[in-house]
Structures are given as structure tokens and as C-alpha cells.
Amino acid sequence: MADVVSSDTKNKSFSDISGLQPWLLQQLTQLKIRQPTPIQFHCIPPALEGKDVIGAAKTGSGKTLAFVIPILHQLSSDPYGIYALVLTPTRELAFQIADQFKGLGVPMDLRLSVVVGGLERLIQTSELSRAPHIVVATPGRLADILETSPEFTLKKIKVLVLDEADRLMDGRFDTQLKTIWSALPEKRQTLLYSATITDRVQRMKELASSQVFLWQSDLSE
Ligand code: ADP
Ligand code: MG
């Protein structure tokens, strides 16, 4: 997929991202993912350092692996309880994200739950009671489960991902997002990826920590 790698990362490989765990490098090689895309090259290092990240680049620029890689890296040294929550606007995207976690996370005993509308609620609730490492969810179903299953908690989340943040925050999900925000711990890392930086995405910057790292691709690329 050479077309997603632009000039500024042409000669870079994932091993140029310092500190990435060797098993992840091996797994990327195995999946024939050789060079980081610009958003991956720029946003993975601050994410590994625990900073909040806001990354913007057009569709197809590899935003998913820009959060999947640092989450699996951190998870493999701290494999307890619910670790990361990924919010995305559609069920199709939720399944695609889950596939990328599973593909790269093959060497790990990864517990992942997809929480989206249209799947059996009871099964999802019982899956969640088994303390998955990663929950990939659309806002509607997650808010619904939070409201109806008081035993389910998000208080242990260490990393929150907002995927396609411009779409998540276009107003459609406001009520559900409010429910979800109030269930999250204040101390967490937030990774936000978006195709565009809308006013609402910009406002998230104020909600994130002062450590936030913002990277936006050159839109002429
Ligand atoms: P976005 O979320 O920015 O729209 P995706 O994360 O869905 O983009 O990635 C688009 C496609 O590019 C996917 O098929 C993904 O597997 C592939 N891809 C991502 N990163 C790389 C990479 N570094 N090298 C090759 N292919 C990649
Ligand atoms: Mg995407």
C-alpha cells in the first residue's frame, strides 16, 4: 500500500519509532506493513510517551494503526482489566477496527469486545463482565449499556480513543457522549483522530490535558 506513505516518511520504517516492542515490529513485518504513514510516524511516539494526541489526516491515511499500535504496545506490558475504549461512529468501522487489533494482536491473548447496535445485548453485557482489554463501541449501544447495567464500569479505562472524531462530534451523538463522558475516569490518555479539525474537535483540545500533541497532515498531500 505504498500510496498511503508520502515523501516525508518514505525512508522510514517502524523500527525508526524508538522503543516499539520487538514483537510488534515482527508482527507488522508479517502483515507486510513496512513503512509508517505520516500520521503513524508522527503520532505514535507521543502516544507511547503517554501524551494526549490529536491527529488529523484524510481518509485512508492509516489513522487506525496510529492508535492500535501504541495501545497494543502499552497493553502487552500492563495486561489488566479494561484498558482502552475506542469510540467510532458506525458499526462497520467498529468491526474494521476490531479486525486491526486482532490481526496485530495475534501473539497476545487479547480480550476484545465489540459493542454496537444490532448485536445481542445480553451477549455483549456478559462479554463486558469478563473484563475485556479493549472495547470498541458506537456511542448509542455503549450509552445504553451504561444506563441499564450499573455493574458495568468504565472507571478503569486508561486510554480513550475518539476515532473519526469529526463525525462522532457532529451533534448526532451528543446525548450518548454525555453519558459516556460522565462514566470515564478523569485521569486517562485521550487519542483523537479525525479527517478534519472542526470547531468541536478543536474544543476537545481544551478538554484534553495540557500535554496534548497536535499533528495535522498537509492537506495538499
Ligand atoms: P483512515 O482511518 O485514516 O481512513 P485506515 O486506518 O482505515 O485509514 O487505513 C486505510 C488502509 O491502509 C487500511 O487497509 C490499512 O490496513 C492500510 N494501512 C494502514 N497503515 C498502513 C501502512 N503503514 N502501510 C501499509 N498499509 C497501511
Ligand atoms: Mg478511520
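The values are calculated or read from the model by the stated rules, or taken from the named source; none is laboratory data. Since this is a predicted model, take the numbers as computed values, not measurements. Note that each Cβ is placed from the backbone with ideal geometry, even for glycine, and that neighbours are counted across all protein chains shown.
At a glance:
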item	result
Qualifying positions in the stretch 144-164 - free of Cβ contacts under 8 Å to residues at least 40 places away in the same chain and either within 16 Å of ligand 2 (Cβ to nearest atom) or not in a loop (DSSP other than H, G, I, E, B) (or both)	Asp144, Ile145, Leu146, Glu147, Thr148
Selected residue (criterion: surrounded by the fewest Cβ atoms within 10 Å (Cβ to Cβ)) from residues of the stretch 39-62 that are part of a helix (DSSP H, G or I) and within 15 Å of ligand 2 (Cβ to nearest atom)	Ile39
Test for Leu162: is it within 23 Å of Ile123 (Cβ to Cβ), at pLDDT 90 or above and either in contact with a Lys or Arg (Cβ under 9 Å, 6 or more places away or on another chain) or of a type outside the set (Ser, Thr, Tyr) (or both)	no
Of all residues making up the stretch 94-132, the number that are buried (at least 17 other Cβ atoms within 10 Å of the Cβ) and polar (S, T, N, Q)	3
Checking Gln21 against (1) polar (S, T, N, Q); (2) touching a strand residue (DSSP E or B) at 6+ places or on another chain (Cβ under 9 Å); (3) more than 10 Å from ligand 1 (Cβ to nearest atom), the condition it does not meet	(2)
Residue ID - farthest from ligand 1 (Cβ to nearest atom), chosen from residues in the stretch 109-133 that are in a loop (DSSP other than H, G, I, E, B) and acidic (Asp, Glu)	Glu120
Verdict on Asp99 being among the acidic types (Asp, Glu) and either in contact with a strand residue (DSSP E or B) (Cβ under 9 Å, 6 or more places away or on another chain) or within 14 Å of ligand 1 (Cβ to nearest atom) (or both)	yes
Residue within the stretch 165-182 that is farther than 20 Å from Leu48 by Cβ, in contact with a Phe, Trp or Tyr (Cβ under 9 Å, 6 or more places away or on another chain), surrounded by 14 or more Cβ atoms within 10 Å (Cβ to Cβ) and of a type in the set (Asp, Glu) present	no
Among residues of the stretch 96-122, those that are of a type outside the set (Lys, Arg) and farther than 20 Å from Gln27 by Cα, counted	9
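Yes or no, residue by residue, for (1) in a loop (DSSP other than H, G, I, E, B); (2) more than 15 Å from ligand 2 (Cβ to nearest atom); (3) charged (D, E, K, R):
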| position | (1), (2), (3) |
| --- | --- |
| Thr64 | no, no, no |
| Phe67 | no, no, no |
| Pro70 | no, yes, no |
| His73 | no, yes, no |
| Ser77 | yes, yes, no |
| Val86 | no, no, no |
| Phe95 | no, no, no |
| Ala98 | no, no, no |
| Pro107 | yes, yes, no |
